[in-house]
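Novice: Mind looking over this structure? Questions follow.
What follows draws every value from the coordinates through simple rules; no lab data is involved. This structure is a prediction, so every number in the text was calculated from the model and none was measured. With ideal geometry, Cβ positions are generated from the backbone for all residues, glycine too; neighbour counts draw on all protein chains shown.
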Amino acid sequence: MTSRLKTGILAVVVTTTALVTAACAPPADKPTAAASSAGAATSAAAFGGMDALVAAAKKEGQLNVIALPPDWANYGEVISTFTAKYGIKVDSAQPDAASQDEINAATQLKGQSTAPDVFDLGQAVALANTAMFAPYQVATFADVPADLKDANGTWVNDYGGYMSIGYDAAKVPAPTSVQDLLKPAYKGKVALNGDPTQAGAAFAGVAMAALANGGSADDISKGVSFFTDLKKAGNFLPVDPTPATVQSGQTPVVIDWDYLNVGQSVSLKGKVDWKVVVPANAVLGGYYVQAISKDAPHPAAARLWQEFLYSDQGQNLWLKGGARPVRQDAMDKAGTIDKAAFSALPPVSGTPVFLTQAQSDTAKAFLTANWRKAIG
């Protein structure tokens, strides 16, 4: 859990800092021949092999990332491990920004040395902006299921999980279903991670509530009805949860991705008895997309970053953070998966549901038209 609003659904204005940077920074230097070559490379082999890619990335010396909070799916360790391995500085901007903020920043900072090199996006935002991405196939590209990637590597899913309910066992009874949250014991205690018209985790939370209340991936209206009832009961808490609000007891129940709730269990161990449940009658899954900016100021470092994220080492770092890596099945078969971390994941029973792009678009339109009227 974090204040990060991933999978932004509506356009979000770029922060003042980004706009000022775009307005005041000098134009970027003309790309070198090596940078141009890296920017056109569709694989490490096409660039001349991994050794050549590593050398070019080290020469660039920097990678610009955006909207990657360190407590999100173990990104803190992912970044520090990448830097330690390759000696490349990672400039992490706006860690609590939304997916749409990433796109906006890339547009505003195009041609500047501070522009994002890579993106980590929710599916909806990613598929709406594929013209901004550079196709690239990592060495382990074949391990990624076909329905979780673009055939040319323009975008590729990377890590994911299931929607869950995290709760402070010392303050509330253990919920066994989404409907339990309507009970008096949860009055003023249930928080959703963000605004579902902008935040992917919150969007998925409404979809999960729909599944639990007779709706479907094609109809999330019952999810909005559930939160309307939750508000009427006085149980809905209009506070974006953070580690601080969890530790202080301000948000004793949080609807969020399981890996973010699991992260709270780990980071607050000994301070808060934080437990996590994935409701059996509403198993909603989702992945996040990685992509390289076609205008990346550090194109070799951007491609090396992707190679790292999809390597066994990178995938196991997601797993260590409680997220399910996209290469999980292939790594399990090859015996390269971190078995201890895998066995520590929250149990999931029931049939998982993954929204298609068409279902996601329909749900977004419904939320845009109805969420604020229902919740305010």
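Novice: Given R₀ = 25 Å, FRET efficiency for ASP51-SER92 by Cβ-Cβ distance, to 0.05? Don't jump to the answer; show the numbers that get you there.
Specialist: On the way: r = 27 Å, r/R0 = 1.07.
The calculated FRET efficiency here is 0.40.
Novice: I want to verify a result. In a Gaussian network model of the chain, Cα cutoff 10 Å, which of these has the top mean-square fluctuation: ASN152, ASN281, ASN235?
Specialist: Among ASN152, ASN281, ASN235, the largest GNM mean-square fluctuation belongs to ASN152.
Novice: Using only Cα atoms, what Kirkwood radius does the stretch 67-152 have, in angstroms?
Specialist: Numbers: mean 1/r = 0.0684 Å⁻¹.
Across the stretch 67-152, the inverse of the average 1/r is 14.6 Å.
Novice: Additional query: With the Cα gyration tensor of the stretch 156-257 giving a ≥ b ≥ c as the square roots of its eigenvalues, does the rule (a/c under 1.5 for rounded; else a/b larger than b/c for prolate; else oblate) give rounded, prolate or oblate? List each step's numbers first, then the result.
Specialist: Numbers: a/c = 1.68, a/b = 1.19, b/c = 1.42.
In terms of gyration-tensor shape, oblate.
Novice: Here's something else I'd like to know. What number do you get for the chain when its Cα radius of gyration is normalised by 2.2 N^0.38 Å, N = residues?
Specialist: Compactness ratio reported: 0.98.
Novice: Roughly how many Å is it from the Cα centre of the stretch 95-148 to that of the stretch 252-314, as a whole number?
Specialist: Here the two parts' Cα centres lie 16 Å apart.
Novice: Still on this structure: So what's the net charge close to ILE220: Lys and Arg +1, Asp and Glu -1, counting the other residues with Cβ under 14 Å from its Cβ? Let's see the in-between values first.
Specialist: Working: positive: LYS222, LYS364; negative: ASP218, ASP219, ASP361.
Net charge around ILE220: -1.
Novice: Using the C-alpha atoms of the stretch 203-359, what convex hull volume per residue, in cubic angstrom, is computed? Write out the running numbers ahead of the final one.
Specialist: Details: hull volume 25.8 nm³, N = 157.
Expressed per residue, the convex hull around the Cα atoms of the stretch 203-359 is 164 Å³.
Novice: For the chain, what does the helix formula give at 222 nm: sum of -39500 (n - 2.57) over DSSP H segments with n ≥ 4, over the residue count, nearest 500 deg cm²/dmol? Mind dumping the intermediate values first?
Specialist: On the way: 16 runs with 151 residues, N = 376.
Mean residue ellipticity at 222 nm (helix-derived): -11500 deg cm²/dmol.
Novice: Please give the net charge around VAL276, taking every other residue with its beta carbon less than 11 angstrom from that of VAL276, where Lys and Arg add +1 and Asp and Glu add -1.
Specialist: Details: positive: LYS275; negative: ASP256, ASP258.
Net charge in that neighbourhood comes out at -1.
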